[in-house]
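Chemist: Quick one: the structure is below, and I'll ask about it shortly.
The values are calculated or read from the model by the stated rules, or taken from the named source; none is laboratory data. What you see is a predicted model; the values in this text were computed from it and never measured. Cβ: placed from backbone, ideal geometry, glycine included. Neighbour counts: every protein chain shown. These accessible areas exclude ligands, DNA and RNA; they are computed on the full protein's heavy atoms, side chains included. Shrake-Rupley method; radii C 1.70, N 1.55, O 1.52, S 1.80 Å.
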Amino acid sequence: MNGEFLTPIDAFTVIDLIFMSMLVVVGIAIVRLKDLFAVVMLSGVYSLVSAAWFVSLDAVDVAFTEAAVGAGISTVLMLGAMLLTARQAAPTKPARHWVALIVVCATGAALLYATVDMPSFGDPLSAPNAYIGLEYLKRTGPETGVPNVVSAVLASYRGYDTFGETTVILTAGLGVVLILGLGGPAIKRKKAPAKTKAAKANQSKILGAHHVVLRVISKLMIPVIIIYGAYVQFHGDFGPGGGFQAGLIIASAIILYALIYGIDAAKEAVPPSLVRLGAALGVLIYGGVGVINLLLGGNFLEYNILNPTHPAHGQELGIMFVEIGVLVTVASVMLIIFYGFTSRQPDIKDKDW
Amino acid sequence: MSDFLHILDILRPYVAGIALLSGGVIVLIGASGVLRLPDFYTRLHAAGVTDTLGTLLVLLGLILLSGFTLLSGKLALVGLFLLLTSPAATHAVANAAHKAGLKPRLGTVKSQAPGEASGDPS
Amino acid sequence: MSALIASDILSLLPAWVLMHAAALLVVTPLLSGPIALILSRGRLAWAWALGISIITFMLALVLYGQVLEHGSVMYVFGNWAPPVGITYNIDALNILILLIVAGMGLLSLINGLPSVMQEIEPKDQAPFFAAYMLCLAGLMGVAITGDAFNVFVFLEISSISTYILVAMGGSKDRRALTSSFNYLILGTIGATFFVIGLGLVYMATGTLNMADITVQLHENGDSRVVRAAFAFIVIGLGLKTAMFPLHTWLPGAYSYSPTMVGTFLASTATKVAFYAMVRFIFGVFSTGEPFDGALLELVLAPMAVAAMIICSVQALYQMDLRKLLAYSSVAQLGYMLLGLSMGTAAGLSAGLLHMFNHALMKGALFMGVGIFGLRYGVRRVPDLAGLGKTMPVTAAAFTVSGLSLIGMPLTAGFVSKYYLIIAALERGWWWAVAAILASSVLAIFYVWKMVEMMYLREAPKAKSRARKPQAKAPLLALIPLLILAVANVWFFFDASLPKGLTDAAAAALLGGGAS
């Protein structure tokens, strides 16, 4: 565009380059490896490195989401999926890769072709930085009263897109419900309640002492994780965070519980029927805010109407509620996927540890 | 008294630097241990021990740098959780490997045995 | 005159509905999806979906009235003025596709109840209808929006729900699962290409509002970023449209999916993607002249012709009824792309008209196959033998739609092919006319194959005729088929509704001087 601005070569640029080369190395390793367990772990590494890179690019919200999704939840879910299939990728015929290679090369060539005319990284006069982006930065403060511009853009200026994305997540959960199922409610303990004490003693003997450390630590950590999720949720207006990240964190607390105490215990605490309801409820909360705006005489998702005397407060209120909707759907769908995968495989027995 | 505090304040960045640097060095040593040690358990030992100490030192350095603020409170909390989870995770991995029947390599190390490089703890 | 009638009817409705019709059109089915998920009974969920579909169709008609009255309708989400917020822009082109999606959504839902009850396990029926409603909302969201990124979001909703719906055929035929997976992979690649293109557009213009992108592109002029963006967007949408070499996901997805899903997708999904392509090529990138012309004539037109010929031949060799229809769909998409690639108002109008007609005929044909399947378990061409006698009404409606597919006079298919040929002649594309005729001849063969089987072959006597004779004639399933068959004839005699819209759309997109 305008060749005036040159990206400065400073420490951050060097760090960015290091991160990018690490991503390339990890990417090649993922392609080359046949051991799926290693692939899953490396994809977690890939996400973690990209999250670190995003931090260095000052995209903290994106980094947070990437860390929570890529390095957190999706590694667990991919492990769950892997347990359903094989540990090794089946060998494929080399001929089949040629088309893919051509497509990849063509895509890369097209992107390289475009780079010549791209604005320099960080150019303050480039179109994305100068036009609407700048507008958001100027307007967010006075209009919404939310310090974190990302939250304001996500939940208010482009709130309808986020509504759509929340529905996308619900749709994914729906797919798991339909194709894999949720595996029904928790299986009740077989022992009769009369022998509770004996059963308990028996149970603790079976449980064995070898992972008592994990149980103690996880018991300590799970409440803290959930509180942290709530913090991320409600602090999203001020710093990085919001419904997506909080939903993932809270879901990961419950998944941790399921991993340590068994899937049945988790299903007793958070029954599948509740999770299914929650996935639907979150979208309904989000859309409900929009419908309330409609009923109050505003446009869909026009939060100003929630507080006519003080529109910015209306914005804050609206953003808070839609973020709760996002939280509920995201957390529920993550659990739906986890339940869907785990109910398909034999329960991990104590002796398997 | 205030003089003493003042001196502490002057020293603070240096102490922080030393903590950060030594933390980094310890993590590096751990990484080289993971690469060079002969079997799974020794590698885990290298990773686990150095990770806990190294990251805690780094956090300590950062706390010293940020001074008495909310940020250092958060960093201290991160340190606390690392102190809890890092050894627990190391324990879990070692335990899983042990349960899966991976035997530690005993005896003196005479030569590198590449075939026995990494046990698959499952 | 119809505008006057429309404004009379519109004045009867409360002002609130008129004001928010555009938002309600998408939000209603979108929110009804999760509610259907909560309803745990299949029939209840169906009734709920039916009610919502009727409301949706009504809202589409209301919007149609508004478009007739005002020319175009705009809705601003969150009341954030356009380049900052997200808007819905409805003009003649949008409303055409919205009417198709809303109408076919309603008809295939009515038609689908018996087959869903038969094919989907009871516990899965409520989520199934939830996915259906989400798919409907997603497709309409793509068709209505005036924001480029919003297109992507709703494309994702519709795509993911489509993968699910296709996979639900797995209880009937396990191949549905692999078809769905193929579609998932290719669809995801398409979506990725599309979003890369959007990212590049944002890099070049700094905005996501379609109208604003056009303005910015006009001001900033051509650059390599814009060209790459254009290529990525066209390929991404081409995958979704099943543009010829990228169509491999389509036959499997349409033929192994549950009957209702096949009907719905065949008449809507590719149309919506085709709409998006038209919108991006002629609407958003309208100022990018240097590459439009060459792309249209050298890339899209040959692909369109190849689709018309090759896929018609493939359809000829299919014995599986729904696969035959699916290959025919790819061929028919070739006609639409041909109209688009002419780059003239007449060509585009003809292509869009064919899109409208194709929704009618292919919807009817899939419904017909569904009803045959419901009664006698018909899946393959030979199974049709003798059905002209045993199921005369369904067979007649099926035949009429088949004739429309060929493009026989007295059916809607003739009208759009006629306009297409006229447009090709105007452009001087003799080879295109030849291709249209050749493809139509091939269509005669593959439609004849089915019609001959129905009317000229005797029903197998003692054999498997009584495989699945449902006691009750699925009258509910028959009504939408008859409506569509009548529509196929009706729009031959009076094509003013679609033709008016497509002409207005083409004129708006290509203006006077663009050709």
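Chemist: Looking only at the range A:131-147, count every residue that is among the small types (Gly, Ala, Ser) and open to solvent by 40 Å² or more (accessible area, probe 1.4 Å) and tell me the total.
Modeler: So in the range A:131-147, the residues among the small types (Gly, Ala, Ser) come out as A:133, A:141, A:145.
Filter once more, so that each one left must be open to solvent by 40 Å² or more (accessible area, probe 1.4 Å): A:141.
Number of matching residues: 1.
Chemist: Name the residue that is most open to solvent (accessible area, probe 1.4 Å), counting only residues in the range C:127-186 that are more than 9 Å from chain A (Cβ to nearest Cβ), among the small types (Gly, Ala, Ser) and over 16 Å from the mean Cα position of the chain (by Cα).
Modeler: Out of the qualifying residues, it is C:171.
Chemist: Residue check: is residue C:62 away from chain A (no Cβ under 14 Å) and open to solvent by 10 Å² or more (accessible area, probe 1.4 Å)?
Modeler: Numbers: away from chain A (no Cβ under 14 Å): yes; open to solvent by 10 Å² or more (accessible area, probe 1.4 Å): yes.
Here the answer is yes, as residue C:62 does meet what is asked.
Chemist: Moving on to the next point. What do you reckon, is residue A:284 within 12 Å of chain C (Cβ to nearest Cβ), in contact (Cβ under 8 Å) with a residue 12 or more places away in the chain and on the phi > 0 side of the Ramachandran plot? Even if it seems obvious, please write down each step before you answer.
Modeler: Numbers: within 12 Å of chain C (Cβ to nearest Cβ): yes; in contact (Cβ under 8 Å) with a residue 12 or more places away in the chain: yes; on the phi > 0 side of the Ramachandran plot: no.
The answer is no for residue A:284.
Chemist: Answer yes if at least one residue in the range A:227-235 is open to solvent by less than 20 Å² (accessible area, probe 1.4 Å), part of a helix (DSSP H, G or I), away from chain C (no Cβ under 14 Å) and polar (S, T, N, Q), and no otherwise. It would help to see each step written out before you state the result.
Modeler: In the first step, residues of the range A:227-235 are kept if they are open to solvent by less than 20 Å² (accessible area, probe 1.4 Å); the result is A:229, A:232-233.
Those left that are additionally part of a helix (DSSP H, G or I): A:229, A:232-233.
Among the residues that remain, those that are also away from chain C (no Cβ under 14 Å) are: A:229, A:232-233.
Filter once more, so that each one left must be polar (S, T, N, Q): A:233.
Within the range A:227-235, one or more residues are open to solvent by less than 20 Å² (accessible area, probe 1.4 Å), part of a helix (DSSP H, G or I), away from chain C (no Cβ under 14 Å) and polar (S, T, N, Q).
Chemist: Return yes when residue C:367 is touching a Lys or Arg at 6+ places or on another chain (Cβ under 6 Å) and assigned to a helix (DSSP H, G or I) and no when it is not.
Modeler: Details: touching a Lys or Arg at 6+ places or on another chain (Cβ under 6 Å): no; assigned to a helix (DSSP H, G or I): yes.
No, not satisfied.
Chemist: Specify which of the listed residues (C:361, C:367, C:355, C:336) is open to solvent by less than 10 Å² (accessible area, probe 1.4 Å) and within 14 Å of residue C:305 (Cβ to Cβ). Write out each step before concluding.
Modeler: Values: C:361 fails: within 14 Å of residue C:305 (Cβ to Cβ); C:367 fails: within 14 Å of residue C:305 (Cβ to Cβ); C:355 fails: within 14 Å of residue C:305 (Cβ to Cβ).
Answer to the check: C:336.
Chemist: Sticking with this structure for a sec: Taking only pairs six or more apart or across chains, which ones have beta-carbon atoms under 9 Å, a first residue in the range A:127-146 that is at the interface with another protein chain (Cβ under 7 Å from one of its Cβ atoms), and a second residue that is open to solvent by 20 Å² or more (accessible area, probe 1.4 Å) and not in a helix (DSSP H, G or I)?
Modeler: Pairs found: A:127/A:1; A:127/A:119; A:128/A:119; A:130/A:124; A:131/C:83; A:132/C:83; A:132/C:208; A:135/C:83.
Chemist: Also: Is one or more of the residues making up the range B:72-81 of a type in the set (A, V, I, L, M, F, W, C), in a loop (DSSP other than H, G, I, E, B) and out of contact with any Pro (no Cβ under 6 Å at 6 or more places or on another chain)? Step through it out loud before you land on a result.
Modeler: To start, the set of residues in the range B:72-81 that are of a type in the set (A, V, I, L, M, F, W, C) comprises B:75-78, B:80-81.
Now narrow it down to the ones that are in a loop (DSSP other than H, G, I, E, B): none.
Looking through the range B:72-81, none of the residues is of a type in the set (A, V, I, L, M, F, W, C), in a loop (DSSP other than H, G, I, E, B) and out of contact with any Pro (no Cβ under 6 Å at 6 or more places or on another chain).
Chemist: For the range A:285-309, which residues satisfy the criterion of being open to solvent by 10 Å² or more (accessible area, probe 1.4 Å) and of a type in the set (S, T, N, Q)?
Modeler: To start, the set of residues in the range A:285-309 that are open to solvent by 10 Å² or more (accessible area, probe 1.4 Å) comprises A:285, A:288-289, A:291-292, A:295-297, A:299, A:302, A:304-309.
Of everything in the range A:285-309, those that are open to solvent by 10 Å² or more (accessible area, probe 1.4 Å) and of a type in the set (S, T, N, Q) turn out to be A:299, A:304, A:307, A:309.
Chemist: List the helices (runs of 4 or more DSSP H) inside the range A:1-102, counting only whole elements, that have at least 1 residues being surrounded by 13 or more Cβ atoms within 10 Å (Cβ to Cβ), of a type in the set (Ser, Thr, Tyr) and at pLDDT 90 or above.
Modeler: On the way: elements: A:11-32, A:36-56, A:60-66, A:74-84.
In the range A:1-102, the matching helices (runs of 4 or more DSSP H) lie at A:36-56.
Chemist: Among all residue pairs at least 6 apart or on different chains, which show Cβ distances below 6 Å where the first residue, located in the range C:223-234, is facing another protein chain (nearest Cβ under 7 Å) and crowded, with 24+ Cβ neighbours inside 10 Å and the second is aliphatic (A, V, I, L, M) and part of a loop (DSSP other than H, G, I, E, B)?
Modeler: Close Cβ pairs satisfying both conditions: C:225/A:118.
Chemist: Look through the range C:27-38, keep the residues that are more than 9 Å from chain A (Cβ to nearest Cβ) and within 15 Å of residue C:58 (Cα to Cα), and return whichever of them is most open to solvent (accessible area, probe 1.4 Å).
Modeler: Once the filter is applied, the top-ranked residue is C:28.
Chemist: Open to solvent by less than 10 Å² (accessible area, probe 1.4 Å) and more than 23 Å from residue C:319 (Cβ to Cβ): does that describe residue C:394? Walk me through it before giving the result.
Modeler: On the way: open to solvent by less than 10 Å² (accessible area, probe 1.4 Å): yes; more than 23 Å from residue C:319 (Cβ to Cβ): no.
No.
Chemist: Residue under question is residue A:195, and the condition is that it be at pLDDT below 80 and either more than 10 Å from every other protein chain (Cβ to nearest Cβ) or not in a loop (DSSP other than H, G, I, E, B) (or both); does it hold? Break it down into steps so the answer makes sense when it comes.
Modeler: Numbers: at pLDDT below 80: yes; either more than 10 Å from every other protein chain (Cβ to nearest Cβ) or not in a loop (DSSP other than H, G, I, E, B) (or both): yes.
Judged against the criteria, residue A:195 is a match.
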